[in-house]
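One structure is given here, and the rest of the page talks about it.
The values are calculated or read from the model by the stated rules, or taken from the named source; none is laboratory data. As the structure is a prediction and not an experimental result, all values here were calculated from the model. As a convention, Cβ positions derive from the backbone with ideal geometry for all residues, glycine included, and neighbour counts pool all protein chains shown.
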């Protein structure tokens, strides 16, 4: 829309929460699915099996690309099964960026919850701890996980993956009736990082799953778009405050980690942010009055 | 069998420090390749109706979390459900149980009842591969043959306190 609008009537709070509501529903359904799946397996239904590392639905294979890449690097070969399983998930990342992180991943849901508790319960120094700058850390961590995994001949990116671990836990506890010290130990370590570490460090900087999806992104994808002429809050952007990833949506580039959670779109009072097909905002349309 | 085809891992010594090679699900690639390919997705474990496949513990080092069979707990009943569901190629999608090469059973003549003169043919009766894998000799003692695939049922059913027949894990791979 190129229609110049200087002042729009403020949207109602119900309107402003709509994307987040759908997202919470989506996250909750995925979490519920992975809690109920082992129970179905217990009762003899095994057409659908797996975790977020890889899920089999009838004859459809869905394999998480970072795990697949790690396995291929560690073994020095790629199987056709793996390529077929990875394809749909890679396709989603190409077209929509790391939407997995904010719409699907149960660890993401947990992480957002912990972050919210931090904001509410903890004293100011905790709350105000700065976001870690992740632009370089993120790809460096992905590369390190893949390299180290290759060296150790193990798919490290899959082993430490929080989305896999948090879906493996119910499978092992409900179906196998054991509490694996490996799964439980790694999950506790990740939870400790979530509680005591910098805000949402795992999701934003360390997770190989999210990082790979982030860097797979096409130049033009499903993305948040910014109309600077509509923006009403250049000094204290509400969208930036609303972003659960600490990104300023008005300046976010292609690889800055935006996972299309659309909290910024919900939080924008003036309608300057919309979601649509195109390049992420990028630096070319940075508002001129900012700094 | 044998070390042929097994490339030594750069850090194989590290794994050797921790635990003996575990018994893998049917169709498993050679150990090093298996640990590298297995993405710990849990599909094989969830599709196993007997809950035979449990995640390996920390003592397996870089193979921690991969599926192992602990025969004395639950052996593999060779239903062949798991090989086709593996998404990463860590398990070859075989469906013929005679092609499995998980390991090879060994009888301990010092503790086996039959060797001590007590009439016992539990393992021979329970072996899912029958005469191809486990038979009795002239003195009614169990003899493991080439057809043994290492499922571990004999180890599970052995009535001695410490099993007198134990499966030694193969280096892996599928029988040609």
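Would you check if residue A:137 is modelled with pLDDT under 95, surrounded by fewer than 22 Cβ atoms within 10 Å (Cβ to Cβ) and either touching a strand residue (DSSP E or B) at 6+ places or on another chain (Cβ under 6 Å) or assigned to a helix (DSSP H, G or I) (or both)? Yes; evaluated as a whole, the condition is true for this residue.
Mind checking whether some residue in the stretch A:87-98 is within 11 Å of another protein chain (Cβ to nearest Cβ) and in contact (Cβ under 8 Å) with a residue 60 or more places away in the chain? Looking through the stretch A:87-98, none of the residues is within 11 Å of another protein chain (Cβ to nearest Cβ) and in contact (Cβ under 8 Å) with a residue 60 or more places away in the chain. Filter the stretch A:200-232 down to residues that are over 21 Å from residue A:157 (Cα atoms), part of a loop (DSSP other than H, G, I, E, B) and within 19 Å of the chain's Cα centre (by Cα), then give me how many there are. The qualifying residues number 3.
Residues in the stretch A:56-75 that are over 16 Å from residue A:207 (Cα atoms) and more than 8 Å from chain B (Cβ to nearest Cβ): A:57, A:58, A:59, A:60, A:62, A:72, A:73. Summed over the stretch A:159-192, residues that are closer than 15 Å to residue A:51 by Cβ, without any contact (Cβ under 8 Å) to a residue 60 or more places away in the chain and more than 11 Å from chain B (Cβ to nearest Cβ) total 2. In summary, residue B:73 fulfils each of the numbered conditions (1) under 20 Å from residue B:128 (Cβ atoms); (2) surrounded by 20 or more Cβ atoms within 10 Å (Cβ to Cβ); (3) at pLDDT 95 or above with the single exception of condition (2). Of all residues in the stretch B:47-89, which are in a helix (DSSP H, G or I) and facing chain A (nearest Cβ under 8 Å)? Hits for the stretch B:47-89 are B:47, B:58, B:62, B:63, B:85.
Evaluate the stretch A:150-159: report whether one residue or more is in the same structural domain as residue A:86 (by TED's automatic domain parsing) and surrounded by fewer than 18 Cβ atoms within 10 Å (Cβ to Cβ). Yes: one or more hits. Of all residues in the stretch A:46-55, those satisfying the criterion of being facing chain B (nearest Cβ under 7 Å) and closer than 21 Å to residue A:213 by Cβ are A:50, A:51, A:53, A:54.
Residues that are within 30 Å of residue B:50 (Cβ to Cβ) and modelled with pLDDT under 95 number at least 1 in the following helices (runs of 4 or more DSSP H) confined to the stretch A:1-120: A:65-75, A:80-96.
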